[in-house]
Amino acid sequence: MDSSVPITIELAFGKSGLEIELPQKFHYHFLEPRWATPLSDPAAEIGAALDAPIASLPIVELARNKRSAAISVCDITRPVPNRLLLPPLLSRLEAGGIPRDGITILIATGLHRPATTEEISEICGESVATNYRVVNHDARNISEHCFLGTTASGIPVHIDDRFVSADLHITLGFIEPHLMLGFSGGRKLIAPGLAAQETIKVIHSSKFMRDPRSFEGNVHSNPLHYELLEIARMARHDFMLDVALTRGTGQRPIAGVFAGSPVEAHKAGMKFVSNLMLEEIKSPVDAVITSAAGYPLDLTFYQSLKGITAAQHVVKPGGKILLMAACTEGIGGHEFGRMVETNVSDRDFMERIANAPVEIDQWQLEKLGMVTANIEVLYYVPGLPQRYLNKLWGKAYMTAASAIEALTSSLSVDASIAVISEGPYVLARAGAIS
């Protein structure tokens with residue numbers, strides 16, 4: 001093979017992907033999730049899961065003698081196929097006796113911006129958006145929340161009153177690795193999804209963010225996972241409908257459906273996803289090229305940082321990570337943007353927040369700071385406005401080619417590079433340094 005001919009690969013990037021060229025002189029590890037086969041009849045699988053759920057009565061039976069139900073669904077940043085999931089769920093709630101005007105669908109924004117009218121139609125489907133009550137959660141308005149007490153560790157629990165006051169409490173989402181919680185889905189649709197900022201700030205404090213057990217793919221000893229389970233119990237989480245997704249163009253196909261007990265069904269879903277996404281290499285590498293898994297996860301820089309935190313587990317101390325993410329919506333929330341602009345030193349930021357009151361969105365920068373303390377980070381984030389580019393904790397490049405050249409030019413010819421085309425959809429792990 002001609003060593004002068006570059007290796008061409010495609011990364012998940014925005015809606016269309018990004019083709020990049022890599023010099024052949026390095027040792028590459030191409031890490032990809034072992035995507036499951038799409039379900040041949042997802043509608044039938046969803047119906048079966050609702051009618052024969054895990055460790056729970058069928059949803060139609062749970063609806064008996066109830067007058068109202070609240071359903072928490074993900075916002076636009078998550079690729080949940082609600083157009084397929086909501087109609088069979090809603091029809092069974094009505095068949096169980098809950099009137100249509102007694103059903104509320106809540107967009108679980110956490111501290112993200114509210115969904116627009118157009119996005120609500122995209123999230124729920126036009127028919128559902130037109131015929132059912134669909135509302136945004138507002139974490140900043142404490143008056144819209146019910147105080148449920150405190151967890152055993154002292155976390156104040158404020159949950160959207162429209163969810164708490166319903167007779168039946170349902171969440172609908174999907175399961176993927178999560179940078180601090182182990183996996184998304186289930187309990188996360190209640191907190192932080194429907195929690196007030198007074199709760200969200202505490203569960204994102206340094207106590208949890210810097211705990212070495214709070215990372216992608218880990219729940220068994222993860223203290224934040226158990227806190228959120230406790231909060232979900234306090235909110236009377238009755239039923240969950242989550243899916244695992246697989247690779248595909250447009251709306252990603254469904255690979256697995258997990259419905260029923262919010263604890264037991266979620267366990268089954270996490271096991272399924274972990275078996276698919278775990279990728280191991282023998283020893284840490286000198287550098288990683290990673291994405292943020294494309295649209296919608298790389299809409300903002302805030303969300304794209306998950307590509308970095310997922311990749312850190314396979315990089316040698318002193319190594320490098322190159323993040324390539326579209327960031328077509330820019331930085332993310334205004335609080336996060338302000339922090340990026342005003343905290344030009346990762347070390348100063350980490351020291352300042354260690355014992356200070358929690359500020360909104362500091363946790364995402366905190367997770368990044370835990371990486372940049374030991375690893376050099378480079379960026380190709382073309383959608384990020386110019387004013388942020390020289391404030392990042394690492395150098396940003398204007399083209400994909402220049403970013404790759406910067407990453408590789410300082411590496412020796414025998415260096416090892418991991419390429420993670422789907423970013424946070426890979427649970428990347430490495431053995432000990434030899």
Revision key, fill the gap. Restricting the stretch 37-56 to residues that are of a type in the set (G, A, S) and open to solvent by 20 Å² or more (accessible area, probe 1.4 Å), the one nearest to L322 (Cα to Cα) turns out to be S40
Review point. Here are some conditions: (1) more than 24 Å from the chain's Cα centre (by Cα); (2) closer than 30 Å to K271 by Cβ. I7 meets all but one. Which one does it not meet?
Key: (2)
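Condition check ((1) at pLDDT below 95; (2) of a type in the set (A, V, I, L, M, F, W, C)) across all residues:
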site: F258; (1), (2): no, yes
site: M270; (1), (2): no, yes
site: E279; (1), (2): yes, no
site: D286; (1), (2): no, no
site: G294; (1), (2): yes, no
site: G332; (1), (2): yes, no
site: V344; (1), (2): yes, yes
site: E359; (1), (2): yes, no
site: W363; (1), (2): yes, yes
Review point. Looking only at the stretch 208-217, which residues are closer than 20 Å to T151 by Cβ and open to solvent by 20 Å² or more (accessible area, probe 1.4 Å)?
Key: R210, D211, R213
Practice item. Hey, could you check the stretch 10-33 for residues that are under 22 Å from V381 (Cβ atoms) and without any contact (Cβ under 8 Å) to a residue 40 or more places away in the chain and say which is least open to solvent (accessible area, probe 1.4 Å)? Key: S16
Check your understanding: Looking at (1) open to solvent by less than 10 Å² (accessible area, probe 1.4 Å); (2) in a helix (DSSP H, G or I); (3) farther than 30 Å from H27 by Cα, which is the only condition G330 fails?
Key -> (2)
Practice item. Go through the stretch 34-53 and give me each residue that's touching a residue at least 24 places away in the same chain (Cβ under 8 Å) and hydroxyl-bearing (S, T, Y). Key: T37
Review point. Considering the stretch 221-249 alone, what residues qualify as being β-branched (V, I, T) and farther than 15 Å from I200 by Cα?
Key: V243, T246, T249
Check your understanding: Can you name the strands (runs of 3 or more DSSP E) wholly within the stretch 228-281 that have at least 3 residues being surrounded by fewer than 17 Cβ atoms within 10 Å (Cβ to Cβ) and touching a residue at least 12 places away in the same chain (Cβ under 8 Å)?
Key -> 278-281
Review point. If you check every pair at least six apart or on different chains, which have Cβ atoms under 7 Å apart with a residue in the stretch 363-376 that is touching a residue at least 12 places away in the same chain (Cβ under 8 Å) and basic (K, R) first and a residue that is open to solvent by less than 20 Å² (accessible area, probe 1.4 Å) and assigned to a helix (DSSP H, G or I) second?
Key: K367/M209; K367/L305; K367/T309
Study note, to complete from the structure: Filtering the stretch 296-327 down to residues that are open to solvent by less than 10 Å² (accessible area, probe 1.4 Å) and at positive phi yields C327
Point to revise | Test: I103 is without any contact (Cβ under 8 Å) to a residue 40 or more places away in the chain and open to solvent by less than 20 Å² (accessible area, probe 1.4 Å) | key: yes
Study note, to complete from the structure: Those strands (runs of 3 or more DSSP E) completely within the stretch 347-434 that have 2 or more residues that are out of contact with any His (no Cβ under 8 Å at 6 or more places or on another chain) and open to solvent by 10 Å² or more (accessible area, probe 1.4 Å) are 376-380
Point to revise | Among the candidates E335, E341, residue that is in a helix (DSSP H, G or I) and out of contact with any Phe, Trp or Tyr (no Cβ under 9 Å at 6 or more places or on another chain) | key: E335
Review point. Is it the case that A293 is surrounded by 19 or more Cβ atoms within 10 Å (Cβ to Cβ), touching a helix residue (DSSP H, G or I) at 6+ places or on another chain (Cβ under 6 Å) and part of a loop (DSSP other than H, G, I, E, B)?
Key: yes
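Yes/no per residue for (1) among the hydrophobic types (A, V, I, L, M, F, W, C); (2) closer than 21 Å to H237 by Cα; (3) free of Cβ contacts under 8 Å to residues at least 60 places away in the same chain:
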site	(1), (2), (3)
V60	yes, yes, yes
L85	yes, yes, no
P88	no, yes, yes
E119	no, no, yes
N141	no, no, yes
C146	yes, yes, yes
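The values are calculated or read from the model by the stated rules, or taken from the named source; none is laboratory data. Given the structure is predicted, the values throughout are model-derived calculations rather than measurements. Here the Cβ is made from the backbone with ideal geometry for all residues, glycine too, and neighbour counts use every protein chain on show. Keep in mind that these areas ignore ligands, DNA and RNA; they rest on the heavy atoms of the full protein, side chains included. Shrake-Rupley method; radii C 1.70, N 1.55, O 1.52, S 1.80 Å.
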